[in-house]
């Protein structure tokens with residue numbers, strides 16, 4: 001079971017305003033590496049609502065690299081891999097917007113969403129928010145810290161595979177009738193439930 005989990009936080013309502021990225025690498029079902037970056041967004045405007053969610057301010061990132069300077073390192077963990085995120089539609093859209101902003105070609109990878117996975121495996125949860133699932137599964141979480149969110153997401157995916165006796169996320173997708181999403185050079189395709 002090999003995959004990379006990601007989580008972005010944004011400075012404002014624009015998808016290209018990534019100000020933090022958490023990344024966790026899982027190999028053979030074990031978390032082997034975790035990294036996070038503060039990112040200087042292209043427009044240095046932090047909306048008060050976003051600050052209230054993640055606590056990151058303009059002062060925190062003003063001396064940090066912009067996304068294009070960290071991309072080469074990040075790409076090594078994503079290209080040709082299975083990538084997961086909790087509410088992947090948001091995180092993948094942030095990634096796409098950042099790449100487009102700097103004229104960087106999309107990498108190729110498959111991706112899945114732990115919200116979608118958890119709704120299929122645990123339909124009777126009060127909700128499928130990351131903090132709710134982390135609490136129920138006794139996963140430590142400082143919510144909206146990009147690295148903490150990514151670690152929780154990875155642990156939920158590992159737990160889901162365990163519950164379904166799946167040896168990897170593609171097998172899990174097949175078990176719960178989901179077609180993984182795909183990011184590729186010319187665009188993307190969102191994960192879909194197979195009718």
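The values are calculated or read from the model by the stated rules, or taken from the named source; none is laboratory data. Remember, it's a predicted structure, so these values are computed and weren't measured experimentally. Here the Cβ positions follow ideal geometry from the backbone for every residue, glycine too, while neighbour counts run over all protein chains shown.
Only one of 31, 84 is closer than 21 Å to residue 148 by Cβ, in contact with a helix residue (DSSP H, G or I) (Cβ under 7 Å, 6 or more places away or on another chain), surrounded by fewer than 16 Cβ atoms within 10 Å (Cβ to Cβ) and at pLDDT 95 or above; which?
Among 31, 84, only 31 is closer than 21 Å to residue 148 by Cβ, in contact with a helix residue (DSSP H, G or I) (Cβ under 7 Å, 6 or more places away or on another chain), surrounded by fewer than 16 Cβ atoms within 10 Å (Cβ to Cβ) and at pLDDT 95 or above.
Could you list, in sequence order, the residues of the stretch 134-154 that are crowded, with 18+ Cβ neighbours inside 10 Å and assigned to a helix (DSSP H, G or I)?
Across the stretch 134-154, the qualifying residues are 134, 146, 147, 148, 149, 150, 151, 152, 153, 154.
May I ask you to say which residue of 173, 157 is in contact (Cβ under 8 Å) with a residue 60 or more places away in the chain, in a helix (DSSP H, G or I), under 18 Å from residue 8 (Cα atoms) and within 19 Å of the chain's Cα centre (by Cα)?
157
Just checking, does the stretch 121-131 include any residue being part of a helix (DSSP H, G or I), closer than 27 Å to residue 42 by Cα and modelled with pLDDT of 95 or more?
No, the stretch 121-131 has no match at all.
Any idea which residue in the stretch 88-117 is surrounded by the fewest Cβ atoms within 10 Å (Cβ to Cβ), counting only those that are touching a helix residue (DSSP H, G or I) at 6+ places or on another chain (Cβ under 6 Å) and closer than 16 Å to residue 169 by Cα?
Applying the filter and picking the extreme gives 109.
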